[in-house]
Amino acid sequence: MPSSSGGPPSAWRVRDRAIPLDRPLIAGILNVTPDSFSDGGRYLAPDAAVDRARALVEDGADLIDVGAESTRPGAEPVPEEEEWARLRPVLERLDDLAVPISVDTTKTTVARRALDLGVAVINVVSGLDPAPGLLELAASEDAGLVLMHMRGTPRTMQEDTTYGDVVAEVRDALAAARDAAAAAGCDAQRVALDPGIGFGKSVEGNLELIARLDEIASLGGPVWIGPSRKAFLGHILGAGPAERTAGTVAACLAARRAGAHVFRVHDPRPVRDAFEVEGAIERRRGMHREAAGSPAGGGSG
Ligand code: HH2
């Protein structure tokens with residue numbers, strides 16, 4: 001069984017920042033693509049993308065995750081120059097954004113150029129099999145890194161979604177990915193792990209991963225999760241991507257309780273509001289627990 005790297009992380013280090021993890025972090029999704037599964041084409045024009053990034057921050061995003069290659073099931077890879085042509089005009093105009101930017105890419109050259117423009121995090125959906133040089137690049141730039149679990153590639157990942165024990169398999173694979181990052185020089189405090197909701201998993205597999213996320217969190221380091229608008233919610237609700245916001249909120253709350261730290265979502269506001277209300281209730285619960293455990297209540301004193 002892979003070893004844990006200690007207690008719960010207190011901060012996620014991304015370049016020169018240490019982002020505290022004492023409250024949930026929201027990564028707002030910005031898809032600069034023509035074909036993303038829920039918002040393809042809406043933010044492909046740089047003006048629309050920049051406006052969307054600023055709106056995501058206003059709505060409570062703690063970082064912005066910009067992607068220019070769809071990873072929906074069946075998606076074909078985007079050539080490197082095309083991916084960069086989509087990203088560059090947006091990243092250049094977001095250099096004054098108040099929050100860190102993450103770039104969702106599998107390509108070392110795209111990551112290199114994005115880091116040169118000041119991006120803080122590289123989000124690697126191919127985290128089990130990163131492109132040559134990608135981990136070393138993240139290490140040399142002190143970048144934050146997200147290593148996500150996926151079986152196969154977006155084109156093939158839904159062909160076989162059977163596992164013996166999905167949580168144990170994902171956990172072991174993520175532990176190996178984390179160890180490979182460490183061997184390439186990445187500081188453990190910079191590496192977040194992601195079970196890859198919807199990437200080569202059945203509906204039941206996705207639910208199991210969220211329900212038992214504590215087993216992945218026990219590896220140590222920040223846990224990043226992306227349930228937003230995904231098909232498993234549609235399966236439960238019988239609803240299309242635009243009607244999955246409440247389902248996304250429920251999945252984020254459940255993942256939070258099971259140990260997730262960073263929530264990649266299309267709509268930050270309802271998720272942020274739900275966390276705030278849940279936090280207020282939890283603080284009340286804590287007060288009652290404390291009162292019940294006080295000396296007057298028969299504490300160990
Ligand atoms: N999900 C998507 C894309 N990137 N990255 C991480 N780390 N985790 C995820 O769960 C994740 C991700 C898919 O969502 P979306 O970006 O909305 O769709 P598309 O890939 O079609 O652009």
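The values are calculated or read from the model by the stated rules, or taken from the named source; none is laboratory data. Just so you know, these numbers come straight off a predicted model, no measurement behind them. Cβ atoms come from the backbone with ideal geometry, glycine included; neighbour counts cover every protein chain shown.
For every residue, the table says whether it meets (1) modelled with pLDDT of 95 or more; (2) part of a strand (DSSP E or B).
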{"site": "Phe37", "(1), (2)": "no, no"}
{"site": "Gly40", "(1), (2)": "no, no"}
{"site": "Val50", "(1), (2)": "yes, no"}
{"site": "Arg54", "(1), (2)": "yes, no"}
{"site": "Val66", "(1), (2)": "yes, yes"}
{"site": "Arg72", "(1), (2)": "no, no"}
{"site": "Arg88", "(1), (2)": "yes, no"}
{"site": "Glu92", "(1), (2)": "yes, no"}
{"site": "Val103", "(1), (2)": "yes, yes"}
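I'd like to verify a number: residues in region 187-207 that are over 25 Å from Ser36 (Cα atoms) and within 16 Å of the ligand (Cβ to nearest atom), how many?
Counting residues in region 187-207 that are over 25 Å from Ser36 (Cα atoms) and within 16 Å of the ligand (Cβ to nearest atom) gives 2.
Of everything in region 37-53 that's away from the ligand (no atom under 12 Å from the Cβ) and buried (at least 17 other Cβ atoms within 10 Å of the Cβ), which residue is nearest to the chain's Cα centre (by Cα)?
Ala53
Just one of (1) under 25 Å from Gly7 (Cβ atoms); (2) in contact with a Leu (Cβ under 8 Å, 6 or more places away or on another chain) trips up Pro227, so point out which.
All conditions pass for Pro227, except number (1).
On the given criteria, is Ile225 at pLDDT 95 or above, within 12 Å of the ligand (Cβ to nearest atom) and crowded, with 16+ Cβ neighbours inside 10 Å?
yes
Within the bounds of region 162-174, is there any residue that is within 14 Å of the ligand (Cβ to nearest atom), surrounded by 22 or more Cβ atoms within 10 Å (Cβ to Cβ) and among the charged types (D, E, K, R)?
No.
Taking region 198-209 as the search range and keeping residues that are farther than 14 Å from Glu169 by Cα and of a type in the set (A, V, I, L, M, F, W, C), which one is farthest from the chain's Cα centre (by Cα)?
In this case the residue turns out to be Val203.
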